[in-house]
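In what follows, a single structure is set out as structure tokens and then discussed.
The values are calculated or read from the model by the stated rules, or taken from the named source; none is laboratory data. Owing to the predicted nature of the structure, the values given are computational and were not obtained by experimental measurement. Because the Cβ atoms are built from the backbone with ideal geometry, glycine has one as well, and the counts that use them run over all protein chains shown. These accessible areas exclude ligands, DNA and RNA; they are computed on the full protein's heavy atoms, side chains included. Shrake-Rupley method; radii C 1.70, N 1.55, O 1.52, S 1.80 Å.
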Amino acid sequence: MHWTFTGGGPHPVGMVTLGERPATRVRHTPRPSSVQLKIVMAVSGALALLYLVAHMIGNLKIFLGADAINTYAAWLRTVGEPALPAETLLWIVRAVLTVAIVAHIVSAVILTRRAHRARPIKYAHRPPVKGSYAARTMRWGGVIIVLFVIYHLLDLTTGTLNPNGVSGDVHANVVADFAPHRWYVTLFYAIAVVAVGFHVRHGLWSGLQTLGRSSAAAQNTLKGVALVVAVALTVGFLSVPFAVLTGLVR
Amino acid sequence: MRLNLRIWRQAGPEDKGRLVAYRVDDADEDMSFLELLDVLNEKLVLDGDEPVAFDHDCREGICGACSMVINGQPHGPQKATTTCQLHLRHFRDGESITIEPFRAAAFPVVKDLVVDRGALDRIVASGGYISAPTGAAPEAHATPVPKANADRAFTAAACIGCGACVAACPNGSASLFVGAKITHLGELPQGQPERSDRVVRMVETHDAEGFGGCTNTGECTVACPKEIPLDVISQLNRDYLHATTGGRRTA
Amino acid sequence: MTMTNYTDFTIGGPVADTAAPAGPVEERWERRRFGVKLVNPANKRKMKIIVVGTGLAGGSAAASLAELGYQVSSFCYQDSPRRAHSIAAQGGINAAKNYRNDGDSVHRLFYDTVKGGDFRSRESNVHRQADISLQIIDQCVAQGVPFAREYGGLLDTRSFGGAQVSRTFYARGQTGQQLLLGAYQALERQIDAGTVTMYPRHEMLDLIMVDGRARGIVARDLVTGETRSHLADAVVLASGGYGNVFYLSTNAKGCNVTASWRAHRRGALFANPCYTQIHPTCIPVSGDHQSKLTLMSESLRNDGRVWVPERAGDTRPPSDIPESERDYFLERQYPAYGNLVPRDIASRAAKNVCDAGRGVGPTGLGVYLDFAEAINRLGRAAVAAKYGNLFQMYQRITGEDPYVVPMRIFPAVHYTMGGLWVDYDLQSTIPGLFVVGEANFSDHGANRLGASALMQGLADGYFVLPNTIGDYLAGAKLHPVDPGADEVRATEHEVANRIETLLSIDGNRTVDSFHRELGHLLWDQCGMERTDAGLRKALDRIPELRREFWSSVKVPGTGAQLNQSLERAGRVADFLELAELMCLDALHRTESCGGHFRAESQTEDGEAARDDEHFSYVGAWEYMGQGEPPVLHKEDLHFEYVTPSQRSYK
Ligand SMILES: Cc1cc2nc3c(=O)[nH]c(=O)nc-3n(C[C@H](O)[C@H](O)[C@H](O)COP(=O)(O)OP(=O)(O)OC[C@H]3O[C@@H](n4cnc5c(N)ncnc54)[C@H](O)[C@@H]3O)c2cc1C
Ligand code: HEM
Ligand code: SF4
Ligand code: FES
């Protein structure tokens, strides 16, 4: 026999039980939903981006001289005093940012795991497709950024890894950091900043798309805006070590 | 023309499957890609082998049945073209071509290049409609629809449900497919009453079927034979946000 | 000429449509609806209906029946109900809305359809369909079908297929797709509600009859190979047309006659099998590998001019042929209508010039459809705006740019007007077996007008069947069928045996090679022009071919798996039986009418000459067993409102 044969319908017909349905796969709905996760990604990413922009602008004060940036750093700690206790603003920003980054990473991890489960088998032959490079490097780029942020905090916030490490003397710390013989620090910094640039280039556009603010007509404009922001951010951040390296800032 | 094919052969869902090499010497550049497989299959049958199973029906780019990944691209290299409408004049004599099934956990392989895309139907069943029981309709001209909305609805409604977007997406997401239906029905006045319910339910089913989440890589729209634009995903997100936060429905 | 066995047939008693009400034509549907017995809502829930097919007819029927409260099981051979071949309809759907104020009315649509069908359809049915056309548009708009609209937001229409009023509603070139998605979504909604059980990738292989009534089907699960019976209180066939008997047609590759043919073998009469429609504007065949033909919308003939070289065997490229050596043969032969003559006339004219050796393209089977004049007159941009997507499709398939080189077109089989005989209630001659859509012998007579198949399918599925099927169910007093009953078992075994036979022949010819040969034969002898001698030749060859098939076909693999060769083998086996009946029907009908052109019956100008005195009837054939002469039952046609006249397009 070549075929399986099972005779007979499920029931005598004429009086049939209601709702006889073929067995479908048992499904459970994963929570949070994929769209909710994306929204968390976008909102938390946007907060991080706002912070980065502010941070970058702050950094540029180094070009106005040691006093300017040191005063600015001190101001960040004293703003609001005496009405508010010292470092209030700083801690609010740190708290919001930490929550955002944690939420961002957690969502990214969940989405990534779901993506791997949804596409367990790779194609034998897959040429690079037209999707952008930035889009494909979000996950690894994100990891590089996180590693860098940890180092960066130990370096310039706590001073632990900084050769100068004098709290409050931002200018000297930075100059010491990017001294030419410490080229590897500068290189790591540069890689991380470029990673941020790529990440923001796709991320900003993607976030806007996620938050439902992109229409067919606006898409190219938005991509342009994301690119401009990403480039500005990259150039702004890179200008500091570059200036130290070339002796423009000393 | 001569073509070297590497085709995914898999006897059934449980089989592991592998790529098998075949050579077709008498291909013709006026042939469609599926006709190339027909020619190969006729040979295989006469040689006592099993022909390559693949889904197809209309062979004019509208039913959405044909589904294969050609050299890593769902529906092959030609833009806005289904496999059945792809012709061999887009390949070089002597070229090697790798043919694989659509890959996604939600599309289990049935045999060779045939996959089960029932998940897409179940997404539609969970909300991709307007409840308009037969006989209950008002006069068609009772509700004018601005041309711009009608046109956008049509553009989105052109989706043929082929699943190439899923096959192309590195996250295995069906967001382009879902977004297309959300946009089609959401642009029309008739679609408003169920708009919030629809998006929440369709997204729920989408996730439950094991499709991944979208990260806006944009590879879906590149692969889509009907060029469904990416902004339908934006529309999907917007409607979802509105439905779950706007108080129109508690998710 | 000797009469062989299979050209024999006997004439049986007349068949009458007893469900059709009398009275003024515009009141008949109203009367019938009032006349039907109703099923109590509580009982509906206990009644099960099988619907085979999910195209416009089946999809709309299954959804509507489920909404009424019946339990529905729906079957299609594709992986999803959304892929039924209705998806491919391009042009549009007719409705007598008269939104243009251009003189349209239900009566005019009725009149045009009866006339277009060359007076071989029933007035009652055609009128009902014209009447329901109004509700169809309302229903589809409510479902969200994105019909084309004008700037004011109201629905746009166009004139189609030579109609003098603008009554065709459309959604770009994808009307069938959009209408089908509407029906599909309604169907999916019922599936989710649990009122419809969907069986995709299932093929009906036989009809189960118990006590003379249709009580179920035997279907094969195309994935697992399991064949099993599904029982019900009534069976609805919505399995589409049989144009694929010609191998090359504009139908989808899977379109088949199996569901209808199996029902025919169980006793349902098959009406007018020879009525087939050939569409004039398709992309010509490019070689032996060709697997199907692609339709190019008829609207192209509004601006394109059809021509061939004047001299036979002229192989110069079209640009080298001067105006004076071109023959714009439609404009020459039909000065009044020119390139816009009806489908059958345009098709036959193209065939004639090709037969005379003046065809163009590599195979000589093609004529030019030239837009040079239109591009000059309107500008390239205007032509692109109208036909851009069609030009693109043409270029994708042929690799030629129609803006520069004239298109090549050739007629192709497109639609089958014949099908299972049904009464006014759409019930076949088997009680409990209903047939809707292209699968029935339809309301189109001998020729279908453009944009009216979609109308018929949706009229049947949404509005007619849900009203009439209750009359049967309410009156039938059905008892539950025991799945172990002899009739059920016997049918299951027949199906199983047939599958086993197909797999065990293990000969040396593929299924497709038989299908191709059958298709060629039919195209030559039972295609655009039919002759006594040709039909007899076909009737000689078909039984031979059938024997060869059953002794030398090769079907690899097993039955316990997805086996596409086996699926095709079963379909071709049924085509091999149907083809014989088609030729016999064509042979017996010695008149020409609509799509059926008998070379012996033409006017002096070469037009189809009807013979109303002898052939004003529906020819409904009864199956008497394989190789046995069938019996012809005639249903006489009466025309009270539209007086039969000879068509003229000069
Ligand atoms: C290219 C093209 C263009 C057209 N354009 C127009 C147009 O512009 N306007 C117009 O009015 N008409 C047009 N027509 C005609 C019209 O589309 C069809 O007549 C109509 O759609 C048929 O609908 P249906 O529901 O009867 O069958 P189909 O849509 O063919 O559906 C048949 C169904 O039956 C199922 N089925 C078949 N056999 C079996 C089986 N053995 N077991 C289980 N299931 C089975 C299939 O799976 C499918 O679901 C066109 C036709 C073609 C081919
Ligand atoms: C493991 C670490 C990380 C991963 C995997 C990751 C991944 C992603 C992804 C996938 C997106 C796109 C979200 C969407 O689809 O809308 C995104 C957006 C974004 N990410 Fe990250 N990210 C990581 C860490 C970071 C860090 C550390 C920062 C900043 C300091 C950051 C800043 C952003 C920004 C600005 C966006 C854009 C969102 C918006 O503008 O609204 N990300 N990230
Ligand atoms: S969105 Fe495009 S690729 Fe995805 S299913 Fe629809 S037509 Fe196919
Ligand atoms: S076979 Fe229908 S879209 Fe390709």
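Between A:HIS181 and C:ASN302, the modelled labels are 8.3 nm apart [label points 7 Å from Cα along Cα→Cβ]. Helix content alone sets the calculated 222 nm mean residue ellipticity of the protein assembly as shown: runs of n ≥ 4 DSSP H residues at -39500 (n - 2.57) each, divided across all residues, give -13000 deg cm²/dmol. Counts of other chain beta carbons within 10 angstrom of each beta carbon in peptide C:278-291 average 3. Averaging the Cα positions of each part gives two centres, and for region C:397-435 and region C:516-557 these lie 20 Å apart.
Partner lysines whose Cα lies under 19 Å from the Cα of C:LYS554, excluding those fewer than 8 positions away in the same chain, are identified as B:LYS43. Working ranking of peptides C:501-511, C:84-94, C:294-304 by packing, defined as the average number of other Cβ atoms within 10 Å per residue, highest first, is C:84-94, C:294-304, C:501-511. For region A:130-170, a reduction of at least 20 Å² in accessible area between the chain on its own and the assembled protein chains (probe 1.4 Å) is found at A:LYS130, A:GLY131, A:ALA135, A:ARG136, A:ARG139. Using C-alpha pairs under 8 Å with a sequence gap of at least 6, the mean separation divided by the residue count of chain A gives a relative contact order of 24 percent. A drop of at least 40 square angstrom in accessible area, chain alone versus all protein chains together, probe 1.4 Å. Which residues of region C:377-416 meet that? Buried by 40 Å² or more upon assembly, which counts only protein chains, are C:ARG396, C:ILE397. Given region B:3-111 reduced to its alpha-carbon atoms as identical point scatterers, what log10 I(q)/I(0) does the Debye formula return at q = 0.10, 0.13, 0.21 Å⁻¹? For region B:3-111, the Cα-only Debye profile gives -0.27, -0.46, -1.28. Here the average projected area of the convex hull drawn through the C-alpha atoms of the protein assembly as shown stands at 50.6 nm². When the alpha carbon gyration tensor of chain C is reduced to an equivalent ellipsoid, the three semi-axes, largest first, read 37, 30, 25 Å.
For C:ALA193 and B:ARG92, the FRET efficiency from 1/(1 + (r/R0)^6), where r spans their Cβ atoms and R0 equals 51 Å, is about 0.45.
For region C:486-619, a simple Cβ point-charge model (Lys and Arg +1, Asp and Glu -1, everything else neutral) yields a dipole of about 660 debye relative to the Cα centre. At an R0 of 41 angstrom, the distance between the Cβ atoms of C:GLN626 and B:ASP47 translates into a FRET efficiency of 0.80.
If the cut-off is 28 Å between C-alpha atoms, which lysines fall inside it for C:LYS46, apart from same-chain ones fewer than 8 positions away? List returned: C:LYS37, C:LYS477.
Taking every protein chain into account, the accessible area of chain C amounts to 32 square angstrom per residue (probe 1.4 Å).
Taking 16 Å as the straight-line reach from the Cα of C:LYS292, the lysines in range (excluding those fewer than 8 positions away in the same chain) are C:LYS253. Normalised by the number of residues in region C:486-619, the mean separation of alpha-carbon contacts (under 8 Å, six or more apart) gives a relative contact order of 28 percent. Computed about its Cα centre, the charge dipole of the protein assembly as shown is approximately 4100 debye, with only Lys, Arg, Asp and Glu carrying charge at their Cβ. Across every direction, the projection of the convex hull enclosing the Cα atoms of region C:76-126 has a mean area of 5.6 nm². For region C:468-531, the list of chymotrypsin sites (Phe, Trp or Tyr not before Pro) that fall in a loop by DSSP and count at most 14 other C-beta atoms within 10 angstrom is empty. Once the Cβ-Cβ distance of A:LEU245 and C:TYR403 is raised to the sixth power relative to R0 = 51 Å, the FRET efficiency obtained is 0.30. Interface area, chains A and B: about 3900 Å² of buried accessible surface, summed, with a 1.4 Å probe and ligands, DNA and RNA left out. Computed over the alpha carbons of region B:1-50, Rg followed by Dmax gives 12.0, 37 Å. Separation of region C:328-388 and region C:464-486, taken as the distance between their Cα centroids, equals 52 angstrom. Per residue of peptide C:81-93, the mean number of Cβ atoms on other chains within 10 Å of the residue Cβ is 4.
The Cα atoms of chain A give a gyration tensor whose axes a ≥ b ≥ c have a/c of 1.5 or more with a/b greater than b/c, which makes the shape prolate. Mind jotting down the distance between the C-alpha centroids of region C:43-95 and region C:191-226, whole Å? Using only Cα atoms, the two centres lie 13 Å from each other. Counting every C-alpha pair in region C:225-355, the share spaced more than 21 angstrom apart comes to 59%. The C and A chains share an interface that buries close to 2300 Å² of accessible area, total over both sides, probe 1.4 Å. Rolling a 1.4 Å probe over the protein heavy atoms gives chain B an accessible area of 30 Å² per residue. The heavy atoms of C:HIS638 offer some 130 square angstrom of accessible surface to a 1.4 angstrom probe.
Extents of region C:486-619, taken as max minus min of Cα coordinates on every principal axis and listed largest first, are 58, 37, 23 Å.
Solvent-accessible area lost on pairing C with B (1.4 Å probe, both sides summed) amounts to about 6200 Å². Its relative contact order, with pairs defined as Cα atoms under 8 Å and 6+ residues apart, puts chain B at 19 percent.
Sorting C:110-123, A:218-231 by their mean Cβ neighbour count within 10 Å, with the most densely packed peptide first, gives C:110-123, A:218-231. Spacing of the modelled spin labels on A:VAL194 and C:ASP611, each 7 Å from Cα toward Cβ, amounts to 8.7 nm.
When you count the other C-beta atoms within 10 angstrom of each residue and take the mean per peptide, B:51-64, C:560-573 line up highest first as B:51-64, C:560-573. The modelled label-to-label distance between A:LEU76 and B:ASP26, using points 7 Å beyond Cα along the C-beta direction, is 7.6 nm. Legend: mean number of C-beta atoms from other chains within 10 angstrom of residue C-beta atoms, peptide B:152-160, equals 5. Nonpolar atom fraction for the protein assembly as shown, defined as the carbon and sulfur part of the 1.4 Å probe accessible area, stands at 56 percent. Kindly identify region C:279-414 as rounded, prolate or oblate by the Cα gyration tensor criterion: order the square roots of the eigenvalues as a ≥ b ≥ c, call it rounded if a/c is under 1.5, otherwise compare a/b with b/c, prolate if a/b is larger, else oblate. It comes out rounded by the Cα gyration axes.
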